[in-house]
Amino acid sequence: MDLVLDGTDNLSTRYLLNDFAVERGVPWVYGGVVSAHGLVMAVVPGRGPCLRCLFPEMAPPGTLATCDTAGVLQPAVAAIAALQAGLALRLLAAPEGFEPRLLEVDAWDGDVRALGVERDPACPCCARREFPFLHAPATQRAVSLCGRNTVQVRGTRTKPDLEALERALHGIARALRRDGALLRFEIDGHKVTLFADGRALIEGTDDLGRALALYDRYVGT
Ligand SMILES: [Zn+2]
């Protein structure tokens, strides 16, 4: 892997990506959007700031606007994704001489600003090389995906046997189909996508408890 492109909409996953990229010395391209506002920055370890140089700590839950509370403007997502892809191509094709900057986009007013950014010499991540997100125990099994009415659930111990599950769910689940390493089905009014590593996306709810119950009932723990 030569580069990581941020496609997450989950803050703790983004800090995890930053820890991973800085520890391994792999560039990554941060992109985030809420409402009509977005930020993009390429993190090139050793050459510029990392995410935690700019935002040292994660904001406490509920203190920032999210796609759920403020909504998200689709053209802003498209603009940020396009800028991320452009920076990724630049870093892959011609990394020399690249100067990381923070791009701020307002898709409502049509503003784009490029801000100079500096490394924080006291940054816990790229200066002190502490990677708490990378080495934190995986405790939370279910997370709600911002603005999608979908919950992601992780399996507990063992990888599921997709073939056996497909047989078990035959006649119970609707729209049951297996695509290689994915098993998709609809059950109790929810669409479920189960991955080979045991992770599942459960659509049609933001309720973590309901999603966990559905997972444990039909996939098992
Ligand atoms: Zn840093």
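The values are calculated or read from the model by the stated rules, or taken from the named source; none is laboratory data. Just so it is clear, the model here is predicted, and its values are computed rather than measured. With ideal geometry, Cβ positions are generated from the backbone for all residues, glycine too; neighbour counts draw on all protein chains shown. Heavy atoms of the whole protein, side chains included, go into the accessibility calculation; ligands, DNA and RNA do not. Shrake-Rupley method; radii C 1.70, N 1.55, O 1.52, S 1.80 Å.
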Which whole DSSP H helices in the chain pass both tests: a Cα extent of 27 Å or more along the axis and a mean Kyte-Doolittle value no lower than -0.5?
-> 74-93
Note the full-extension length gain between residue 106 and residue 216 as 0.36 nm times their separation in residues minus their Cα-Cα distance, in nm to one decimal.
-> 35.4 nm
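Could you calculate the contour length gain from residue 99 to residue 175, that is, 0.36 nm times the residue separation minus the distance between their Cα atoms, to one decimal place in nm?
Details: separation 76, 0.36 × 76 = 27.36 nm, distance 4.90 nm.
Taking residue 99 through residue 175 to full extension adds about 22.5 nm, to one decimal.
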How far is the Cα center of the range 67-97 from the Cα center of the range 160-215, in Å?
-> 31 Å
When all protein chains stay in place, what accessible area (Å², nearest 10, 1.4 Å probe) is found for residue 166?
-> 60 Å²
Mean separation of Cα contacts under 8 Å (at least 6 apart) over the residue count of the chain, i.e. the relative contact order in percent, is 18 percent
Accessible surface, per residue, of the range 142-218 when the full set of protein chains is kept, probe 1.4 Å, Å² = 55 Å²
If you roll a 1.4 Å probe over the chain with all protein chains in place, what percent of the accessible area is carbon or sulfur?
-> 53 percent
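Evaluate E = 1/(1 + (r/R0)^6) for residue 23 and residue 182, where r is the Cβ-Cβ distance and R0 equals 25 Å; express this FRET efficiency to the nearest 0.05.
Plugging the Cβ-Cβ distance into 1/(1 + (r/R0)^6) gives 0.25.
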Compute, for residue 187, the solvent-accessible surface of its heavy atoms (probe 1.4 Å) with the complete set of protein chains present, and express it in square angstrom to the nearest 10.
-> 10 Å²
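Evaluated at 25 °C with a viscosity of 0.890 mPa s, what Stokes-Einstein diffusion coefficient in µm²/s does the chain have when Rh comes from the Kirkwood expression over alpha-carbon pairs? Display every interim value, and only then the final one.
Details: Rh = 19.3 Å.
Rounded, D is 127 µm²/s.
Provide the per residue accessible area, probe 1.4 Å, for the range 4-135, rounded to a whole number of square angstrom. Before the final figure, lay out the partial values.
Numbers: 6860 Å² over 132 residues.
With the other protein chains kept in place, the range 4-135 gives 52 Å² per residue.
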